[in-house]
2 protein chains.
Amino acid sequence: MKYNFADRINHMDSKEISQIMGTLSNPKIISLSAGSPSMDLFPVKELKECANMTYTDASSSIFQYSTAEGFLPLRNWIVNKHNLENNTSFNEKNIVISNGSQQGIDLVSKTFLNKGDVILCENPTYTVALSTFKSYECNFLGIESDEHGMIISNLEKAIESVSNAKLIYIVPNFQNPTGSTWDEIRRIQLVEVATRHNLVIVEDDPYRDISFVPNVHSSITKFDSFGNVISLGSFSKSLCPGLRLGWIIANNEIIGKIALAKQVTDVQTSYILQQQVYNYLTKYDFQKHLKNISEVYKDRCTLTCNLVDEYLPESVRYKKPDGGLFIWLKLSTDVDTLKMLPKAIERGVLYFPGELFYTDRSTKNCLRLNYSSVKKDKLVEGIVKLGEVFNK
Amino acid sequence: MKYNFADRINHMDSKEISQIMGTLSNPKIISLSAGSPSMDLFPVKELKECANMTYTDASSSIFQYSTAEGFLPLRNWIVNKHNLENNTSFNEKNIVISNGSQQGIDLVSKTFLNKGDVILCENPTYTVALSTFKSYECNFLGIESDEHGMIISNLEKAIESVSNAKLIYIVPNFQNPTGSTWDEIRRIQLVEVATRHNLVIVEDDPYRDISFVPNVHSSITKFDSFGNVISLGSFSKSLCPGLRLGWIIANNEIIGKIALAKQVTDVQTSYILQQQVYNYLTKYDFQKHLKNISEVYKDRCTLTCNLVDEYLPESVRYKKPDGGLFIWLKLSTDVDTLKMLPKAIERGVLYFPGELFYTDRSTKNCLRLNYSSVKKDKLVEGIVKLGEVFNK
């Protein structure tokens, strides 16, 4: 039978990503390509205790159908944390629990995007977000960034160059893929520009809690007085991805529509897991856990930078990140990292070619290294191999 | 700020459903309106044991990012059950695990529907499916059914009346809202018609395991030799909705696209919960559990029918279902059950007005009763109240 699939699904092309994913499970290959946290840092023992509490003490209503917005105590806990950290004044009605922040991107898309709408984003940016947005048949304008964030004058020019700009999507802290962080001035300028043009900002902030420096800049919601900033968060990096728990914080009118979208998409995120994570957050010292895992990631990051200095060509440029999971390497302009990937796999190391993070695939000579999911001895082995690939 | 929401979200109207949901949490009102299984039948103790096993014995990879398709042992288990029951020959590559069968409907929509495509469905049909489909800006043609299933000649005429028919959506067993079941001849005829017109059939089968009769008709996938039947299943009614675990079974080409849609929607369904349910299915006697809960539901169903006979107007018509959670009442044609709802709420009983299940809202005099979520004493009290409302 010849199937009449939707146009959106025919537009989706994940050939390269599938190839990378397919190689991931090969135990002979050291993967520096994933966006994964480290399995040895997941608080499995504590989560077990919290699962036990859930099945012993919780109201049986957590096993039943419930509201799309999510488990009220967890929503309160997250909103309080957000308010404390960012001096905002959201309440439990401003949040919807999602299946990781990836579903946050999907639900925001479902709520806002018509076919042909334009999304303004950093260039490069998180590649799976591009795929999610593409599934709503939108177009992109990628905006250049420097070390302080998006170049705001370029953003404004881009907005004015089209008639149907709709959303601005950014990863403000320890960005995927570049590891870079927006400074406060750019955050304020971003809100000004978005407000002037009646655009909504989507702040995707899953790495916030993995910081190597004492102070993380405030969420962009802090600078929002018009209700046009949506903030996405996640427990995938701070606890573990297998929980599939994230959240969306936004003003009342937006969050009402997002809850409606959630309801018709999958009714609700599991209240069993929400209760369990709420138990964790109230019974254990989450801040201490974050400090511990951030220290491990900082160590691995520093080691990776030192190894890059030692083993990769001198022409390689990078900026050491202040948090998150990634280092972004710029190789000399004649190198095509996507074309080099099969050679790297042959040598037993996997990275993520930079080209796939660009809206226009215009830049060929970069790659993303993940240091979080690999232990130190494998990091050494992997980067030595990478050096062999790119020194040839 | 004036938000530019997507057209699809402005099309979604759930005013009445929100009203019903809002009343659900009022403990003074007996709800015969929900689509919920009974909380006292959830195997919480067993699930606790299985959670413990999960955190103690399972591979730590279940806490990590993984493939969109789902946890392989669970996929194998479900496919084997499906094959055994229906004499089909699917394998683990023919299934994707979803967040309940509601997400199955969403992912199928994402994979197949362009704006303006036509869905053919039973009339009445599951109202939240209509909302999900509507979020993809499709149109509906509702097809009349009799006690054997959809009237196939009407279906074929409807298909031929439009140029862009895309999917046929049906609930073949113990339908929501009518409780009716398709016979085997209609199932075979349905596949013939769909194949002749190059259409895909979506079989939504969440009530299959809640049967009051020894033999349930085969899944429509049994009669499919062209790969155009998609089957959706769920553990929400058989175990509990809070797990958010369902599945999609389809031919290779379709399931590949659905996995892609799943990937960009929310990466994967929680492998922690998938491992836990797999533990349950392999450690406990699931068939015995199904027999137990089906007996309770059958009892409640019989009681409800008897109470309807005794307390509701003689003009009321219904057919006693062979399984599932619902009885469908037809009142005399001058009754408008949506208009009567506030009066019922005033008296302390809630039902689901039939009108909301129709694609065209054409029929006003029906209502759906749920007997599964309420214990016997409350069933009596609720239907006595309902009698008072409709005998006035």
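Across region A:60-71, rounded Karplus estimates of 3J(HN,Hα) from the backbone phi angles (6.51 cos²θ - 1.76 cosθ + 1.60, θ = phi - 60°) give 5, 5, 5, 8, 9, 4, 8, 7, 5, 5, x, 5 Hz, Gly and Pro being marked x. One residue of chain B places its C-beta nearer than any other to the axis carrying B onto A; that residue and its whole-Å distance are B:51, 2. In this Cβ point-charge picture (+1 for Lys and Arg, -1 for Asp and Glu), region A:54-161 has a dipole of about 400 debye about its Cα centre. Between the listed residues B:61, B:269, B:242, the Cα displaced farthest toward the positive end of the dipole of region B:59-283, a dipole computed from Cβ unit charges relative to the Cα centre, is found at B:61.
In loop segments of region A:70-151 as defined by DSSP, there are no chymotrypsin sites (Phe, Trp or Tyr not before Pro) with at most 14 further C-beta atoms inside 10 Å of their C-beta. Exposure proxy ranking for A:203, A:295, B:46, B:85, based on other Cβ atoms within 10 angstrom of each Cβ and starting from the fewest, stands as A:295, B:85, B:46, A:203.
What does the structure give for B:94-100 when I average, per residue, the other chain Cβ atoms found within 10 Å of the residue Cβ?
Working: counts 0, 0, 0, 0, 1, 9, 5.
Counting Cβ atoms of other protein chains within 10 Å of each residue's Cβ and averaging gives 2.
Determine the sum of side-chain charges near residue B:328: Lys and Arg each +1, Asp and Glu each -1, restricted to other residues whose C-beta is under 10 angstrom from that of residue B:328. Walk me through the numbers on the way to the answer.
Working: positive: B:317, B:319, B:330, B:368; negative: none.
That sum, taken over residues with Cβ under 10 Å, equals +4.
Between copies, the label points at residue A:292 (set 7 angstrom from Cα along Cα-to-Cβ) are spaced 3.8 nm, reported in nanometres from shortest to longest. Take the alpha carbon gyration tensor of region B:202-275, find the square roots of its eigenvalues, order them as a ≥ b ≥ c, and report rounded if a/c is under 1.5; if not, report prolate when a/b exceeds b/c, else oblate. Verdict is oblate for region B:202-275. Enumerate the whole-percent occupancy of each 10 Å bin, from 0 to the last occupied one, for all C-alpha pair distances of region A:60-283. Once binned at 10 Å, the Cα pair distances of region A:60-283 give 8, 36, 38, 16, 3, 0.
Annotation: the antiparallel percentage among DSSP beta bridges lying fully within region A:60-283 is about 35.
How large is the Kirkwood hydrodynamic radius of region A:109-195, counting all unique pairs of alpha carbons, in Å?
On the way: mean 1/r = 0.0763 Å⁻¹.
One over the average 1/r among Cα pairs gives 13.1 Å for region A:109-195.
Global size of region A:250-291: 14.5, 38 Å for Rg and Dmax (C-alpha atoms, Rg to one decimal, Dmax whole).
With the radius of gyration and the Kirkwood radius both derived from the Cα set of region B:8-154, what is their ratio Rg to Rh?
1.02
Run the numbers on chain B and let me know its relative contact order in percent, using alpha-carbon pairs under 8 Å that are six or more apart.
Values: 719 pairs, mean separation 94.1, N = 392.
Once divided by the residue count of chain B, the mean separation gives 24 percent.
Give the relative contact order (percent, whole number) for region A:259-392; include only Cα pairs under 8 Å separated by 6+ residues. Rounded, it is 27 percent for region A:259-392. Given the pairs B:93/B:291; A:134/A:385; B:288/B:385; A:343/A:375; A:262/B:28, which span a C-alpha to C-alpha distance of over 25 angstrom in this model? Cα-Cα > 25 Å for B:93/B:291; A:134/A:385; B:288/B:385; A:262/B:28; rest within.
Looking only at the protein assembly as shown, where both bridge partners belong to it, what percent of the DSSP beta bridges are antiparallel (to the nearest 5)? Intermediate values should be presented prior to the final figure.
Working: 38 of 76 bridges.
Counting only bridges with both partners in the protein assembly as shown, antiparallel ones make up about 50 percent.
Here is how far apart the residue B:213 label points are across copies: 7.0 nm, shortest first, using a point 7 Å from Cα toward Cβ.
Please report how far the C-alpha centroid of region B:186-224 lies from that of region B:119-170, rounded to the nearest whole angstrom. One Cα centre to the other: 15 Å.
Based on the alpha-carbon gyration tensor of region A:270-352, what equivalent-ellipsoid semi-axes (square roots of 5 times the eigenvalues) come out, in whole Å, largest first?
Details: eigenvalues 269, 60, 22 Å².
After diagonalising the Cα gyration tensor, the semi-axes are 37, 17, 10 Å.
Taking the square roots of five times each eigenvalue of the Cα gyration tensor of region A:57-144, the equivalent ellipsoid has semi-axes of 31, 18, 11 Å, listed largest first. When DSSP beta bridges are restricted to pairs lying wholly in chain B, around 50% turn out antiparallel. Normalised by 2.2 N^0.38 Å, where N counts its residues, the alpha-carbon radius of gyration of the protein assembly as shown equals 0.96. Here the 3J(HN,Hα) profile of region B:303-314, calculated from phi with Karplus coefficients 6.51, -1.76 and 1.60 at θ = phi - 60°, is 4, 4, 4, 4, 5, 4, 4, 7, 10, 8, x, 4 Hz, Gly and Pro shown as x. Measuring nothing but how far apart in sequence close Cα pairs (under 8 Å, 6+ apart) lie, relative to its length, region B:59-283 scores a relative contact order of 29 percent.
Ignore the peptide's own chain and count Cβ atoms of other chains within 10 Å of each Cβ in B:234-243; give me the average, rounded.
Details: counts 0, 0, 3, 0, 0, 1, 6, 8, 15, 5.
Per-residue shielding by partner chains comes out at 4.
Region B:351-392 to region A:22-94: how many Å between their Cα centroids? Here the two parts' Cα centres lie 38 Å apart.
Taking amide H as placed 1.01 Å from N in the peptide plane, residue A:234 has its amide H under 5 Å from the amide H of A:247, each at least 5 places away in sequence or on another chain. Which lysines, if any, have their Cα less than 17 Å from the Cα of residue A:320, not counting same-chain residues under 8 positions apart? The qualifying lysines are A:298, A:330.
Here the peptides B:31-38, B:339-346 are ranked by packing, the mean other Cβ count within 10 Å, and the order with the highest first is B:31-38, B:339-346.
Take each peptide in A:246-255, B:378-387, count the other Cβ atoms within 10 Å of every residue, and average; sorted highest first, the result is A:246-255, B:378-387.
Here chain B is treated with +1 on each Lys and Arg Cβ and -1 on each Asp and Glu Cβ, and its dipole about the Cα centre works out to around 720 debye.
Look at A:317, B:187, A:347 and count the other Cβ atoms within 10 Å of each Cβ; fewest to most, that gives A:317, A:347, B:187. Our helix-only sum for chain B, with -39,500 (n - 2.57) per DSSP H run of n ≥ 4 divided by its residues, gives a mean residue ellipticity at 222 nm of -13500 deg cm²/dmol. Charging the Cβ of each Asp and Glu at -1 and of each Lys and Arg at +1, and nothing else, the dipole of the protein assembly as shown about its Cα centre rounds to 560 debye.
Cross-link reach is defined here as a Cα-Cα straight distance under 12 Å, omitting same-chain residues fewer than 8 places apart; for residue A:319 the aspartates and glutamates meeting it are A:146, A:147, A:309.
When the P(r) of region B:296-338 is calculated, the portion above 13 Å amounts to 55% of the C-alpha pairs. A cut-off of 5 Å between modelled amide H atoms, ignoring neighbours fewer than 5 places along the same chain, links residue A:145 with A:123, A:151.
Take each residue in A:57-69, count the other chain C-beta atoms within 10 Å of its C-beta, and the mean is 5.
Each copy carries a label point for residue A:144 at 7 Å from Cα along the beta-carbon vector; from one copy to the others these points are 6.8 nm apart, nearest first. Taken one residue at a time, the phi angles of region B:271-284 give Karplus couplings (6.51, -1.76, 1.60, θ = phi - 60°) of 6, 4, 5, 5, 5, 4, 5, 4, 4, 4, 5, 9, 9, 10 Hz. Gly and Pro are set to x.
Using the average count of surrounding beta-carbon atoms within 10 Å as a protection proxy, the listed peptides B:172-183, B:279-290, B:259-270, A:205-216 rank, highest first, as B:259-270, B:172-183, A:205-216, B:279-290.
Starting from the exponent 0.38 and prefactor 2.2 Å, build the expected Rg for region A:159-296 from its residue count and divide its actual Cα Rg by it.
Working: Rg = 16.6 Å, N = 138, 2.2 N^0.38 = 14.3 Å.
Dividing the Cα radius of gyration by 2.2 N^0.38 Å gives 1.16.
Sorted fewest first by neighbouring Cβ atoms within 10 angstrom, B:25, B:98, B:219 come out as B:25, B:219, B:98.
How big is D, in µm² s⁻¹, for chain A by Stokes-Einstein at 20 °C and 1.002 mPa s if Rh is the Kirkwood radius over C-alpha pairs? It would help to have the intermediate numbers written out before the result.
On the way: Rh = 21.8 Å.
Here the translational diffusion coefficient equals 98 µm²/s.
FYI, it's all coordinate maths here, none of it is from the lab. Because the structure is predicted, anything quoted here is derived from the model rather than measured. Counting neighbours? That spans all protein chains shown, and the Cβs are built from the backbone with ideal geometry, glycine included.
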